[in-house]
Ligand SMILES: [Zn+2]
C-alpha cells in the first residue's frame, strides 16, 4: 500500500507532468524519476486516473466526457467525476481517452518471429505451404517460446490486453509448456487454444490436453484459461466436451468440397456444440448455420484484414450482423499484416461500409445501416471479452471488473483537437497513442514503454530464433524482395 507524504506527493505529481500536461514533454522527467514514479505506481493498492474521457463501453453506466477511474486491488472500484482518494497514486488523465483493453480473439502467436515473411502472400498456396508445412515443423521449443513472447509483448504495447491464442506449433508437449510459460511471462490475459502441431511421433495433441489442464489451469482466478483448437470434426469436439473446455474452431468454408454449414448442423445434432465455443472466419456462410451459432450461444471472430489481404474471401461482417451475432475481431497472424486492433477496427468498418454503399448503388432500398465507431469499439472490447468467455471479468469498465484498460493520448499533433472520442480511437489513433496499459490493475506500459521488459535481450533472442528456424526450414528471406 502506498501512503504518500505531502511533499513527496507534490514532487511526484510534478514528475508525472511530463506524462500528462500540455506543454511538457516526457524528456523533462529523468530516467531515475520515472523509475521512482513507476515503483510507487507498482506499489500502490489504489490508482486514480483523473479527468479523462472515459469510454466505459458499459451501456448502463454510460460513457463520460470527463470522469475519474479508481482502481483498487486490481479491480475497478468506482467511475464518476471528482472521486476523492487521497491515498491513491494519481494519474492525470487530462486529454486522455480511457477505454477497456482491446481483445484479439484469434492469433497464431508463435509466428511472432516470422513477421512479414509473407508480405505479399496468399493463404493458398503461400501460407499453407511455407508457414504451416515448411517452417512450423522446424520450430524448436525455444522458438515457440520466443515467438509467443514477442507477439504477446507486441500486443500489450499496441493496447491488446487479451488474446485467444491458437498456436499450431504444439509439435511436442514441451512446445506446449513453452507457449504457456511465454504467455505467463508476458502478463497478457489469454485463452490458450491448444491446437495440433506439426505431425510426428512426439505430437501428443489432443490427448495432452488432460495434462495441460491439470498442470496449468486448475485455478479460475488467473489470467490464462484453456480451450481446444479443433476443426469441425465430431471426434475433436468430443475431446473438448470430455475435458470440459470450450472449442476454438476455424470455419473457412472456402474450399469447394467443404460445407462447414452442414458440419455445424451435424455437430449440433450430436449435441456437441456448446455455449462459449468460438468460430473463426465463417466466410460465405449462409444464414442458417450462422443462426445455429447464435442460438447455441457460441461466438464469432472475424479476421477482416487477413481475409481480404490473403484471399480467404469476403469477410462475413454483414452476414453475422444480419443474424444478430455480435462479432469480435482478430489479427490471425503478423506474417502479412499488423496485429494492432486499431487497424482491425478500421478495416472492419471499411469493409462493412463498402458493402452497404455497393447495395445502395445497386438500388437496394433496404441496405443495412452503417456501423458506427462506437460499435466497432465494442467489437474490439466487450465482444472480444464475450468471445474469450471473460466478459464477467473484463471488456467494459465497470465497478467490480478487473482493470484491463488503456490510457490513450489525444493531445498529439495527429489527433488534436478531440472532437469525437470514438472517432479518434477508431478512425485516427494507432499504437503510438497507447500511453499506458493496465492488466488486472497491474501497469504493463507506462509513459509509452513496456514495463519490466529487457528489450535489447528480447530483440536479440527473436533474431537468433528467426535465423535458426529459417535455416532449419531452408527458407530464404529477402529484405528487399
Ligand atoms: Zn487462423
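Pick from 412, 392: which is surrounded by fewer than 16 Cβ atoms within 10 Å (Cβ to Cβ) and without any contact (Cβ under 8 Å) to a residue 12 or more places away in the chain?
After ruling out the rest, the residue left standing is 392.
Looking for whichever is in contact (Cβ under 8 Å) with a residue 12 or more places away in the chain and touching a strand residue (DSSP E or B) at 6+ places or on another chain (Cβ under 6 Å) here; the options are 323, 245, 239. Which one fits?
Working: 323 fails: touching a strand residue (DSSP E or B) at 6+ places or on another chain (Cβ under 6 Å); 239 fails: touching a strand residue (DSSP E or B) at 6+ places or on another chain (Cβ under 6 Å).
Residue meeting the stated conditions: 245.
Criterion first (closer than 20 Å to residue 325 by Cβ, surrounded by fewer than 19 Cβ atoms within 10 Å (Cβ to Cβ), in contact with a helix residue (DSSP H, G or I) (Cβ under 6 Å, 6 or more places away or on another chain) and assigned by TED's automatic domain parsing to the domain that holds residue 225) does residue 367 satisfy it?
For residue 367, the condition - closer than 20 Å to residue 325 by Cβ, surrounded by fewer than 19 Cβ atoms within 10 Å (Cβ to Cβ), in contact with a helix residue (DSSP H, G or I) (Cβ under 6 Å, 6 or more places away or on another chain) and assigned by TED's automatic domain parsing to the domain that holds residue 225 - is met.
For the stretch 301-316: of the residues being surrounded by 24 or more Cβ atoms within 10 Å (Cβ to Cβ) and away from the ligand (no atom under 12 Å from the Cβ), which is farthest from residue 247 (Cα to Cα)?
Result: 305.
For the stretch 176-196, name all the residues that are buried (at least 24 other Cβ atoms within 10 Å of the Cβ), more than 25 Å from residue 338 (Cβ to Cβ) and within 16 Å of the ligand (Cβ to nearest atom).
Hit for the stretch 176-196 is 194, nothing else.
Would you check if there is a residue in the stretch 76-96 being more than 24 Å from residue 43 (Cα to Cα), modelled with pLDDT of 95 or more and surrounded by 17 or more Cβ atoms within 10 Å (Cβ to Cβ)?
Yes; the residues of the stretch 76-96 include at least one that is more than 24 Å from residue 43 (Cα to Cα), modelled with pLDDT of 95 or more and surrounded by 17 or more Cβ atoms within 10 Å (Cβ to Cβ).
With the checklist (1) out of contact with any strand residue (DSSP E or B) (no Cβ under 7 Å at 6 or more places or on another chain); (2) assigned to a helix (DSSP H, G or I); (3) more than 26 Å from residue 110 (Cβ to Cβ) in hand, flag the one item residue 416 doesn't pass.
Only one criterion is unmet by residue 416, namely (2).
Here are 309, 338: which of them is part of a loop (DSSP other than H, G, I, E, B) and in the same structural domain as residue 152 (by TED's automatic domain parsing)?
338
Got a number for residues in the stretch 128-175 being surrounded by fewer than 24 Cβ atoms within 10 Å (Cβ to Cβ), within 15 Å of the ligand (Cβ to nearest atom) and farther than 20 Å from residue 471 by Cβ?
Matching residues across the stretch 128-175 total 2.
Of everything in the stretch 277-300, what is within 15 Å of the ligand (Cβ to nearest atom) and farther than 24 Å from residue 226 by Cβ? Give them in sequence order.
283
The values are calculated or read from the model by the stated rules, or taken from the named source; none is laboratory data. Here the structure is a predicted model, which means the values were calculated and not measured. Quick reminder, even Gly has a Cβ in these numbers, built from the backbone with ideal geometry, and neighbours come from all protein chains shown.
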